[in-house]
Structure formats: structure tokens, C-alpha cells
């Protein structure tokens, strides 16, 4: 198994292969290197909304316009965006593609206390919305992006990968 966390550069190359046109993200400490890689990428337009719920609505609008956006959102932002996800993704069956940063995963799996409650709610919350989910924990898992993308396309329903570690260069 490769080191913890996926390479930001390899992740962006995979996003190119899959034809993503936009990435919507509010940078955080764990996705900082991915944000920087996308910010410097001439092919994928980076949009930085004010709130996560806004990013869901923008992504749904981009998809409606024939484009292919990726939501990069931390699990706490996913919680904040719940109503927007319900109204702009789950309800109308918009195939939103999401990369969810699993804040608290590293500490919880290392046995550090207290456990960040955001960690404990991430998978159950995605499960409650019946959003298919895969884990992207290292470069070995980059194929999960393709599974997420295909599932969203085939079901016309949101799908997600969860990243448990920060990105590497």
C-alpha cells in the first residue's frame, strides 16, 4: 500500500481523464494541496463558493448546463449543505460527484481522544441519503474516482468518495 493520502497531482490527472470541467471547493487544511493543484490547472475551472450549500447548487446548475463539476467538500461542510444536497441532488436525482474530506478520520483510527464527532457521522449521513460511497485513502485508491463517476452517471444520483487523509504533492 502507498503512503497515507493521495497525490494531489495524480488526483488532478485522474480528474482530467474522467472529463471534469469544474471543481467547487472551499479549501481546508486537508485538501490544501489539491486546491493548489486545481488552482494552477488550466483545464479544470476552480470555483470557491462562500458556503458548501452554495457549492451544491452551483454544481447542479453546471451539470444542468451540460458541464461536469466535482464537489470537494469536508464532512462538516457536507452537514452544512444538507438541505441544498436534498433539494439540488438527491430529490431531483442530479448525478453530483462528490469528494468528501473525512475530518477526524486519522485521529480516530490512531486512537486519539477525543474523537471528532464529524468523523462518526460521515458514513451514516451519506448512507441515510443512500449516496454510494468509496474510500480514497492513497494513490492505490484513485480508481474509486472512476467508480464514483460511473455510478453517478448510470444512476443519475449523487455518488461520493471519502478522503480520510490529507493530500500529498
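Here are the numbers for this structure:
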item: Residue 11 being in contact with a helix residue (DSSP H, G or I) (Cβ under 8 Å, 6 or more places away or on another chain), buried (at least 20 other Cβ atoms within 10 Å of the Cβ) and more than 20 Å from residue 85 (Cβ to Cβ); result: yes
item: Cβ pairs under 6 Å, 6+ apart, first in the stretch 142-169 and free of Cβ contacts under 8 Å to residues at least 24 places away in the same chain and at negative phi, second part of a strand (DSSP E or B) and buried (at least 19 other Cβ atoms within 10 Å of the Cβ); result: 144/161; 151/159
item: Number of the exception - residue 115 against (1) part of a helix (DSSP H, G or I); (2) without any contact (Cβ under 8 Å) to a residue 12 or more places away in the chain; result: (1)
item: Condition broken by residue 141, with the remaining ones in (1) surrounded by fewer than 17 Cβ atoms within 10 Å (Cβ to Cβ); (2) at pLDDT 95 or above satisfied; result: (1)
item: Neighbours by Cβ (under 9 Å, 6+ apart or cross-chain): first from the stretch 89-108, in contact (Cβ under 8 Å) with a residue 12 or more places away in the chain and at positive phi; second surrounded by fewer than 20 Cβ atoms within 10 Å (Cβ to Cβ) and part of a helix (DSSP H, G or I); result: 93/155; 104/117; 104/119; 104/120
item: Any hit, the stretch 27-35, residues being buried (at least 19 other Cβ atoms within 10 Å of the Cβ), more than 11 Å from residue 77 (Cβ to Cβ) and at pLDDT below 95; result: yes
item: Conditions (1) in contact with a strand residue (DSSP E or B) (Cβ under 8 Å, 6 or more places away or on another chain); (2) part of a helix (DSSP H, G or I): number failed by residue 131; result: (2)
item: Qualifying residue in the stretch 98-107 (condition: modelled with pLDDT under 95, under 17 Å from the mean Cα position of the chain (by Cα), surrounded by 17 or more Cβ atoms within 10 Å (Cβ to Cβ) and over 24 Å from residue 12 (Cβ atoms)); result: yes
item: Number of positions in the stretch 134-147 that are assigned to a helix (DSSP H, G or I) and either touching a helix residue (DSSP H, G or I) at 6+ places or on another chain (Cβ under 8 Å) or farther than 19 Å from residue 70 by Cα (or both); result: 4
item: Among the candidates 59, 23, residue that is buried (at least 18 other Cβ atoms within 10 Å of the Cβ) and either part of a helix (DSSP H, G or I) or over 15 Å from the mean Cα position of the chain (by Cα) (or both); result: 59
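Results for (1) touching a strand residue (DSSP E or B) at 6+ places or on another chain (Cβ under 7 Å); (2) in a strand (DSSP E or B), shown as yes or no for each residue.
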site	(1), (2)
78	yes, no
84	no, no
99	yes, yes
111	no, no
120	no, no
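The values are calculated or read from the model by the stated rules, or taken from the named source; none is laboratory data. Predicted, not measured: the structure shown is a model, and the values here were computed from it. Virtual Cβ from ideal backbone geometry, glycine too; neighbours counted across all protein chains shown.
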